[in-house]
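Notes for the one structure printed next.
The values are calculated or read from the model by the stated rules, or taken from the named source; none is laboratory data. Fair warning: this is a prediction, and the values are worked out from it, not measured in the lab. Cβ sites come from the backbone with ideal geometry, for glycine too, and all protein chains shown count toward neighbours. Just the protein is used for accessible areas: all its heavy atoms, side chains included, with ligands, DNA and RNA removed. Shrake-Rupley method; radii C 1.70, N 1.55, O 1.52, S 1.80 Å.
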Amino acid sequence: MSKEKDMAIRLSELLYLLFWGIMLFAKGIGLYDGQLLYKIFLVLAFLCIGAKMCITEYSFREWAVIFFLLAWSAVVYRVSGEKGVLICMVTAAGMKNVSVKRCFQTGLIVWAAAMSLRFLTSLIFIGNVETAVQTKNIFGAVLRYFMGYPHPNVLHISYLVLAAFVIYCVKDTYCWKHLLLLMWGNIFLFFYSYSFTGALIVMIYICLSYYVKKKKISKIEYFLVKLVFPGCILVSVIMPMALQGRMFELADKIFNNRINLARHFLTLDNMSLLGNNLAAITTDVITMDNAYLFTLVTYGIPVFLLMCVGYMTVVSDYVKQNKNIELAMICCFLAAGFTEPFLFNTSFKNLTLLFIGEQLFVELNRQKTGQKEFAFLRNWDKTVRISMEKLWKMSENLRCVWSAHRKAILGVGTAAALIISICAGVFYQAEPEVMVLQKENLLIYERVRSVLTAFSLSFICFNMIGLAVCYGKGARKL
């Protein structure tokens, strides 16, 4: 996207971005499979991606691969009852002639807007937000807030997705300022979710991205990167079946009972070509919170192998191209998949599927030998021009205003936020429900949460107001 009056984009790519944006918005506001509104969003998104595929020209080989992937995933969906396999396949198979950069730019806008809307709405009606008291080894009793999402862990994984959007979009200029802002958001959200694994993976991800941006990666480090995915498979699938006796007990203790839980599902009866019905093999207690185990058991061996080939190919190719920011994202998302099933279910948070889809057509094009391309709807894939003049003008004016008045705006915003946060801490009064649930240091954590919330929101608000005031004065002068 260049600083021109018009942005030129093919209709096929625009349709994919609509599919991408609709799905992200649905998940960003906390919808999940089974809800009527989610189904409406899903149908709209699939209409967009269906239209995109109909007007895009593919070679015979590409059409054959796409039909095979979609047909197989449709059969697996009928057996397993899980739409996730269809959504993942469509996301990857629709990536031809689509810019990954534009997907991330669109995703950042949509996800930030949707997640902010969901969080602020929950904050306004905090008394009605679903909560759960849980005892953590370090903190003791904590009050976990769902904030409109199915689970507090999902809340923090959503922030991981937001961090990934931000880092990819600013990757050429990613610096310590971005790192500190993302770290502050991570700490702030932790006092709502109390997701230790979520907060840890976000911290590792933003620090790792900064490390690979500033340092030249060695061959040994690239070799270690190539071991991340096999390591995830080893721990998730091979180790539960291979370990015995005291080694098994030790590993199960280290991984918080996940090895024993994995062995429960890794039986010959559950190893199939077309997967298993998830509702028939899981309960409220016996669940699969491992993305790799989930894929193997629920979607079957062929889909699992396709997933393995896809990631190993992408990682190998990205190492050759020194795509370090992308590799950092892939490694951290793969690591998070060990404790969360979000990679391949209906959560639509696995951004690395864009890399898989892009790589799929790179590989197919390498084998292309002058094959003719054709589309179901010929000559429909026109170039669409979107006026960007006003947007760029406003953006440039805002940059100029921020550059001229940054110190004053930040100073006033910080001072106001400090005063408000101190008042919030002094005059904080716990809700009756919290008083009833009082355990150990729970009230202290609630006060910390209140102070962090007051500071963060007031800092953002006062800076936005200050920027708007300065922008308005500049506009009147002009």
Looking at the structure I just gave you, is Ala113 closer than 26 Å to Leu360 by Cα and open to solvent by 10 Å² or more (accessible area, probe 1.4 Å)? no
Only unsatisfied item for Val315, checking (1) at pLDDT 95 or above; (2) within 21 Å of Ile157 (Cβ to Cβ), is (2)
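Mind counting the residues in the stretch 255-281 that are in a helix (DSSP H, G or I) and touching a Pro at 6+ places or on another chain (Cβ under 8 Å)?
If we filter the stretch 255-281 for residues that are in a helix (DSSP H, G or I), which is where we start, we get 258-265, 268-270, 278-281.
With the extra rule that they be touching a Pro at 6+ places or on another chain (Cβ under 8 Å), the set shrinks to 259-260, 262-263.
Adding up the residues that qualify gives 4.
Yes/no matrix, rows are residues, columns are (1) in contact with a Phe, Trp or Tyr (Cβ under 8 Å, 6 or more places away or on another chain); (2) modelled with pLDDT under 95; (3) assigned to a helix (DSSP H, G or I):
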| position | (1), (2), (3) |
| --- | --- |
| Met7 | no, yes, no |
| Leu18 | no, no, yes |
| Phe25 | yes, no, yes |
| Cys48 | yes, no, yes |
| Cys103 | yes, no, yes |
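Any chance the stretch 428-439 includes a residue that's part of a helix (DSSP H, G or I), modelled with pLDDT of 90 or more, within 30 Å of Ile126 (Cα to Cα) and open to solvent by 50 Å² or more (accessible area, probe 1.4 Å)?
Let us first name the residues in the stretch 428-439 that are part of a helix (DSSP H, G or I), namely 432-436.
From the residues that got through so far, the ones that are modelled with pLDDT of 90 or more too are none.
Within the stretch 428-439, not a single residue is part of a helix (DSSP H, G or I), modelled with pLDDT of 90 or more, within 30 Å of Ile126 (Cα to Cα) and open to solvent by 50 Å² or more (accessible area, probe 1.4 Å).
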Looking at (1) out of contact with any Gly (no Cβ under 8 Å at 6 or more places or on another chain); (2) closer than 25 Å to Arg78 by Cα, can you tell me which one Thr346 breaks? (1)
When residues of the stretch 261-319 are filtered for being surrounded by 14 or more Cβ atoms within 10 Å (Cβ to Cβ), within 20 Å of Tyr77 (Cα to Cα) and among the charged types (D, E, K, R), how many remain? 1
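Quick one: which of Gly107, Gly81, Gly140 is under 23 Å from Leu47 (Cα atoms) and surrounded by fewer than 20 Cβ atoms within 10 Å (Cβ to Cβ)? Show your work before the answer.
Details: Gly107 fails: surrounded by fewer than 20 Cβ atoms within 10 Å (Cβ to Cβ); Gly140 fails: under 23 Å from Leu47 (Cα atoms).
The match here is Gly81.
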Please give the number of the condition Cys207 fails out of (1) at pLDDT 95 or above; (2) of a type outside the set (D, E, K, R); (3) over 14 Å from the mean Cα position of the chain (by Cα); (4) surrounded by 23 or more Cβ atoms within 10 Å (Cβ to Cβ). (4)
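I'd like the residue in the stretch 347-356 that is within 12 Å of the chain's Cα centre (by Cα) and either open to solvent by less than 10 Å² (accessible area, probe 1.4 Å) or not small (Gly, Ala, Ser) (or both) and, out of all such residues, is farthest from Thr287 (Cα to Cα). I'd like the intermediate steps shown before the answer.
Looking only at the stretch 347-356, we keep the residues that are within 12 Å of the chain's Cα centre (by Cα), and these are 347-354.
Pick out the ones that are also either open to solvent by less than 10 Å² (accessible area, probe 1.4 Å) or not small (Gly, Ala, Ser) (or both) and you get 348-354.
Working: Phe348: 19, Lys349: 20, Asn350: 20, Leu351: 24, Thr352: 24, Leu353: 24, Leu354: 28 Å.
Selected residue: Leu354.
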For the list (1) under 15 Å from Thr295 (Cβ atoms); (2) open to solvent by less than 30 Å² (accessible area, probe 1.4 Å), I need the number of the one condition that Ile238 fails. (2)
Provide a single number: the residues in the stretch 132-190 that are polar (S, T, N, Q), more than 30 Å from Asn322 (Cβ to Cβ) and not in a loop (DSSP other than H, G, I, E, B). 3
Hey, could you check the stretch 110-147 for residues that are closer than 21 Å to Ala163 by Cα and free of Cβ contacts under 8 Å to residues at least 12 places away in the same chain and say which is farthest from the chain's Cα centre (by Cα)? Leu120
For the stretch 384-419 the number of residues that are farther than 30 Å from Lys52 by Cα and either open to solvent by 70 Å² or more (accessible area, probe 1.4 Å) or touching a Gly at 6+ places or on another chain (Cβ under 8 Å) (or both) is 18
